[in-house]
Amino acid sequence: MCGIIGYSGHRPAIPMIMDGLRRLEYRGYDSAGVAFVQNKRLETIRAQGKLDQLAAKIKASDAAHATTGLGHTRWATHGLPTEDNAHPHRDSGSHLALVHNGIIENYSSLKRELQSQGVSFSSQTDTEVLVHLISGFLNQGQDIPQAIKSTLDRVDGSYALAVINVHNPEEIWAARHSSPLILGLGTGENYVASDIPAFLPYTREVVFLEDRELVRITPSSWQVFDLRSMQEVDKTPQHISWDVQAAQKGGYRHFMLKEIMEQPEVIRDCTSGRIDPEQGSVVLEEIQDLPIPEVLHIVACGTSYHAGLWAKYLFEKWAQIPVQVDIASEFRYRSPILRKQDLVLTISQSGETADTLAGQRIAAEQGVKVLGLCNVLGSSVARESDAVIYTQAGPEISVASTKAMCSQMVALLLIALDWGRKRSFLSSDFVRRAVAGLSDLPQVMQAALPGMQDRASRLAQDFSRARSFFYLGRGMYTPLAMEGALKLKEISYIHAEGYAAGEMKHGPIALIDADFPTFALAPADELLPKLQANLQEVQARGGPILALTHPGSGVDISPVWEVPQVWGPLNSFLFLPALQLFAYEMAVYLGKDVDQPRNLAKSVTVE
Ligand code: M6R
């Protein structure tokens with residue numbers, strides 16, 4: 001989604017802002033811009049496309065002296081990704097410049113109203129109404145904070161916004177509602193940003209803003225106000241201990257590959273302090289005060305949704321808890337039956353996905369407890385949950401989610417073990433075996449990953465001419481098949497469908513021919529004979545098959561891809577990187593933009 005950075009300090013602002021925008025590139029964007037005040041004039045420079053285009057325009061201008069400014073990377077929602085639609089937007093008198101993330105839902109009626117008053121618009125964006133409204137209230141004699149409040153009182157939707165004005169060139173005002181905004185505190189310089197990495201090299205002291213808060217920064221001061229009462233709010237800065245290196249590629253060609261290869265460490269970090277291999281037990285402090293639910297409702301999007309589907313098998317088998325798994329954008333608009341004794345579990349890597357947040361707000365409104373599973377400290381999902389389990393995967397930069405899913409699966413497996421044991425459906429011996437398997441897993445995975453990448457690379461070349469793929473699985477490998485298909489689609493742009501193998505014969509098998517390969521997830525488990533029967537149906541129609549399986553499984557298919565076998569459901573953790581690596585190698589072979597696939601954003605903070 002869009003990225004915002006605002007800088008007010010003692011250094012030249014534009015290089016700081018461009019540096020910050022580059023660290024926000026991973027969010028995905030299609031145009032960018034900056035604004036600053038210089039020689040008592042408000043200047044904006046904007047460009048369609050990547051930051052290099054903007055940098056070239058800045059180079060050709062004179063932006064050397066400003067020490068305060070705003071930057072924005074836009075991911076188009078209203079209006080094409082053109083220069084006119086890029087932020088910052090200005091008021092008619094060029095006194096104000098504004099950047100915005102989110103969606104102004106009632107912008108059409110506001111725009112009509114402003115146009116009837118003679119205001120002319122220069123973009124098709126929803127955002128532009130904000131800057132004209134603020135300007136209108138200023139013209140009525142209000143001061144800047146009051147004009148921002150009056151504007152936001154008229155607005156429906158979500159926003160993180162920042163404003164500079166020509167009359168106070170060192171001052172930035174910013175506000176948030178349902179879109180992330182963070183304050184970074186330096187010495188003689190302060191920042192606002194949509195995401196911490198924007199200013200991480202310069203400060204680790206941050207203040208997380210809450211919904212409907214307004215902030216003012218200058219080089220030497222910061223203040224936060226409640227947008228309802230306009231009273232000042234006391235905020236405590238927090239220290240962020242992230243390593244900047246952790247957000248860099250670490251020698252790999254792409255963030256995605258680095259993140260796939262980090263999964264052994266991710267399993268270690270996510271289980272650290274949560275399993276006791278000596279005792280063979282699971283300790284999840286975070287959920288000790290949450291009653292075990294009668295029904296569990298899992299709500300998530302994309303890859304996080306697949307993690308939820310996967311975990312359903314464990315919750316039902318191990319803890320005998322009925323589970324419903326919903327795509328968040330569906331959950332929020334149906335009438336889910338939620339009872340007080342149920343629990344809503346939201347899963348989100350970013351913790352900012354608009355639909356997932358809306359789902360958890362519905363639960364909260366109905367008085368149902370919410371457990372958030374997310375990766376980003378202080379994110380909205382985390383802050384709005386009754387309890388939160390951090391997946392501890394570290395920053396995930398690649399738009400295609402990989403290690404985050406691995407960490408979500410680990411955390412979900414731990415919860416299922418904890419509840420299964422507490423409900424006495426699992427013996428202590430069973431939990432001991434699971435814990436032993438989990439503590440050995442990082443090593444097994446670490447040893448296997450390099451060979452898996454080689455194999456993935458060769459297989460990707462062999463299958464690179466395919467324009468469509470089926471991914472088939474059974475049981476808990478069906479959600480993994482869906483995830484494999486999603487990965488292939490999003491980074492290589494090859495059409496792929498993840499399907500329950502047993503469902504093929506009810507229609508999709510009509511698509512099978514010699515040009516339509518099937519990626520079969522064929523672990524050596526009790527469902528393998530059933531899966532093999534389905535694969536024979538595919539073979540009988542001339543469909544090529546690539547079978548991911550275990551040594552000695554007896555799967556008689558070529559090509560076969562064998563990965564090491566471990567204990568029970570932990571095998572999913574070795575199938576997952578195989579699927580990720582296959583998609584990765586395919587995208588690399590086909591020359592695609594692996595880390596920033598077209599049309600996608602890392603964090604989907606709009607509906
Ligand atoms: O941050 P979240 O986990 O809430 O994000 C959910 C989806 O937007 C995300 O998983 C998306 O599907 C990824 N592009 C998958 O690789």
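The values are calculated or read from the model by the stated rules, or taken from the named source; none is laboratory data. None of these values were measured; they are calculated from a predicted model. Note that we place each Cβ from the backbone using ideal geometry, even for glycine, and neighbour counts take in every protein chain shown. Side chains are part of the model used for accessible areas, which takes the heavy atoms of the whole protein and leaves out ligands, DNA and RNA. Shrake-Rupley method; radii C 1.70, N 1.55, O 1.52, S 1.80 Å.
Taking the mean number of other Cβ atoms within 10 Å as a proxy for protection, how do you rank 201-213, 308-320 from highest to lowest?
Details: 201-213: 18.1, 308-320: 21.2.
Taking the mean over residues of other Cβ atoms within 10 Å, the ranking is 308-320, 201-213.
Determine the distance separating the Cα centre of the range 52-97 from the Cα centre of the range 571-607; give it in Å without decimals.
30 Å
Which angle from 0 to 90°, rounded to the nearest 10, does the C-alpha axis of helix 128-139 make with the longest principal axis of the chain?
30 degrees
How high is the relative contact order of the chain, in percent, with contacts defined as C-alpha pairs under 8 Å that are six or more residues apart?
Result for the chain is 12 percent.
Give the accessible surface of the chain per residue, rounded to a whole number of Å², with probe radius 1.4 Å and ligands, DNA and RNA excluded.
Values: 22900 Å² over 607 residues.
Normalised by residue count, the accessible surface of the chain is 38 Å².
Taking the Cα-to-Cβ direction at residue 590 and at residue 558 and moving 7 Å from each Cα, how far apart do the two end points lie in nm?
The two pseudo-label positions are separated by 2.7 nm.
Could you list, in their original order, any pairs among 489/602; 111/602; 317/602; 505/602; 403/602 whose Cα atoms are separated by more than 24 Å? Could you put the intermediate results ahead of the total?
Numbers: 489/602 15 Å; 111/602 30 Å; 317/602 33 Å; 505/602 36 Å; 403/602 14 Å.
Over 24 Å Cα-Cα: 111/602; 317/602; 505/602.
Working from Cα positions, state the angle (0 to 90°, nearest 10) between the long axis of helix 428-462 and the longest principal axis of the chain.
Orientation of helix 428-462: about 80 degrees from the principal axis.
When the chain is fully extended, how far beyond the present Cα-Cα distance does residue 530 get from residue 61, taking 0.36 nm per residue of separation? Intermediate values should be presented prior to the final figure.
Working: separation 469, 0.36 × 469 = 168.84 nm, distance 6.69 nm.
Here the segment from residue 530 to residue 61 would lengthen by 162.1 nm.
State the percentage of accessible surface on the range 445-596 attributable to carbon and sulfur atoms; use a 1.4 Å probe and exclude ligands, DNA and RNA. Can you show the working numbers first?
On the way: 2690 of 5630 Å².
Ligands and nucleic acids excluded, carbon and sulfur reach 48 percent.
Using 0.36 nm per residue of separation minus the Cα-Cα distance, give me the extension gain between residue 231 and residue 212 in nm, one decimal.
Between residue 231 and residue 212, full extension yields an extra 5.7 nm.
If you wrap the range 247-325's Cα atoms in a convex hull and average its projection over all directions, what's the area in nm²?
Numbers: hull surface 29.5 nm².
Quarter of the Cα hull surface area: 7.4 nm².
Taking a virtual spin label 7 Å from the Cα of residue 292 along the C-beta vector, which residues in the range 321-348 bring their backbone nitrogen under 13 Å of it?
321-322
Probe radius 1.4 Å, ligands and nucleic acids ignored: give me the carbon and sulfur share of the accessible area of the range 230-352 as a rounded percent. Write down the numbers at each step before the final one.
Working: 2660 of 5870 Å².
Exposed carbon and sulfur together represent 45 percent of the surface.
Return the whole-Å distance between the Cα centroid of the range 429-503 and the Cα centroid of the range 166-212.
So the separation of the two Cα centres works out to 40 Å.
What's the Kirkwood radius of the range 72-169 in Å, using all Cα pairs? Don't skip to the answer; put the middle values down first.
Numbers: mean 1/r = 0.0748 Å⁻¹.
Evaluated on the range 72-169, it is 13.4 Å.
Suppose a student asked you for the relative contact order of the range 15-150, using Cα pairs under 8 Å spaced at least 6 residues apart; what percent would you report? Don't jump to the answer; show the numbers that get you there.
Numbers: 215 pairs, mean separation 28.7, N = 136.
Relative contact order for the range 15-150 comes out at 21 percent.
Once the Cβ-Cβ distance between residue 440 and residue 316 is put in as r, and R0 is 35 Å, what FRET efficiency do you end up with, to the nearest 0.05?
Values: r = 26 Å, r/R0 = 0.74.
Efficiency, from the Cβ-Cβ distance: 0.85.
Per residue and in cubic angstrom, what volume does the convex hull of the Cα atoms of the range 251-426 have?
105 Å³
Which cross-chain or sequence-distant (5 or more) residues have an amide H under 5 Å from the amide H of residue 38, H modelled 1.01 Å from N in plane?
It is 43, by chain and number.
Using each residue's phi in the range 336-344, evaluate 6.51 cos²θ - 1.76 cosθ + 1.60 at θ = phi - 60° and report the 3J(HN,Hα) Karplus result to the nearest Hz, with x for Gly and Pro.
Computed from phi, the couplings for the range 336-344 are x, 8, 10, 10, 4, 8, 8, 9, 9 Hz.
Among 522-530, 224-232, how do they line up by average Cβ neighbours within 10 Å per residue, starting with the highest? Present the calculation step by step, with values, prior to reporting the outcome.
On the way: 522-530: 17.1, 224-232: 13.6.
Ranked by mean Cβ neighbours within 10 Å, highest first: 522-530, 224-232.
Can you give me the distance in nm between label points at residue 447 and residue 139, each placed 7 Å from the Cα along the Cα-to-Cβ direction?
Label at residue 447, label at residue 139, 7.4 nm between them.
Per residue of the range 220-236, in order, report the coupling 6.51 cos²θ - 1.76 cosθ + 1.60 (Karplus, θ = phi - 60°) as ³J(HN,Hα) in whole Hz, putting x for Gly and Pro.
10, 8, 8, 9, 10, 10, 7, 5, 7, 9, 6, 7, 6, 10, 6, 10, 9
Apply the Karplus curve 6.51 cos²θ - 1.76 cosθ + 1.60, θ = phi - 60°, to the phi angles in the range 502-516 and return the couplings in whole Hz, x for Gly and Pro.
x, 8, 3, 5, 8, x, x, 4, 4, 7, 5, 7, 5, 9, 10
Given the Cα-Cα distance of residue 92 and residue 221 and 0.36 nm per residue of separation, how much length would full extension add, in nm?
Working: separation 129, 0.36 × 129 = 46.44 nm, distance 2.95 nm.
Result: 43.5 nm gained on full extension.
Which three lengths, in whole Å and largest first, does the chain cover when its Cα atoms are put on their principal axes?
Principal-axis extents of the chain (Cα, largest first): 78, 52, 43 Å.
In a Debye calculation with equal point scatterers on the alpha-carbon sites of the range 460-558 and no solvent, what is log10 I(q)/I(0) at q = 0.20 Å⁻¹?
Debye output, listed in q order: -0.96.
Label the range 198-305 by shape, choosing from rounded, prolate and oblate, from the square roots a ≥ b ≥ c of the eigenvalues of the Cα gyration tensor; if a/c is under 1.5 it is rounded, and otherwise prolate applies when a/b is larger than b/c, oblate when it is not.
oblate
How high is the relative contact order of the range 3-246, in percent, counting Cα pairs under 8 Å that sit 6 or more residues apart?
Working: 579 pairs, mean separation 48.9, N = 244.
Rounded, it is 20 percent for the range 3-246.
Starting from the Cα of residue 153, step 7 Å along the direction of its Cβ; do the same at residue 429; then give the gap between the two resulting points in nm.
Modelled inter-label distance: 7.0 nm.
Classify the range 3-246 from the C-alpha gyration tensor, please: rounded if a/c falls under 1.5, else prolate or oblate depending on whether a/b exceeds b/c. Mind dumping the intermediate values first?
Values: a/c = 1.43, a/b = 1.16, b/c = 1.24.
Because its axes are fairly even, with a/c under 1.5, the range 3-246 counts as rounded.
What share of all Cα pairs of the range 350-471, in percent, falls into each consecutive 10 Å distance bin?
Cα pair-distance distribution for the range 350-471, in percent: 11, 27, 29, 25, 8, 0.
Is the range 181-227 best put as rounded, prolate or oblate by its Cα gyration tensor, with a ≥ b ≥ c the root eigenvalues, rounded for a/c under 1.5, and otherwise prolate when a/b is larger than b/c, oblate when not?
Numbers: a/c = 2.65, a/b = 1.32, b/c = 2.01.
It comes out oblate by the Cα gyration axes.
Mind checking which of 390, 368, 282 is farthest towards the positive end of the range 251-426's charge dipole, using Cβ charges of +1 (Lys, Arg) and -1 (Asp, Glu) about the Cα centre?
Among 390, 368, 282, the one farthest towards the positive end of the dipole of the range 251-426 is 368.
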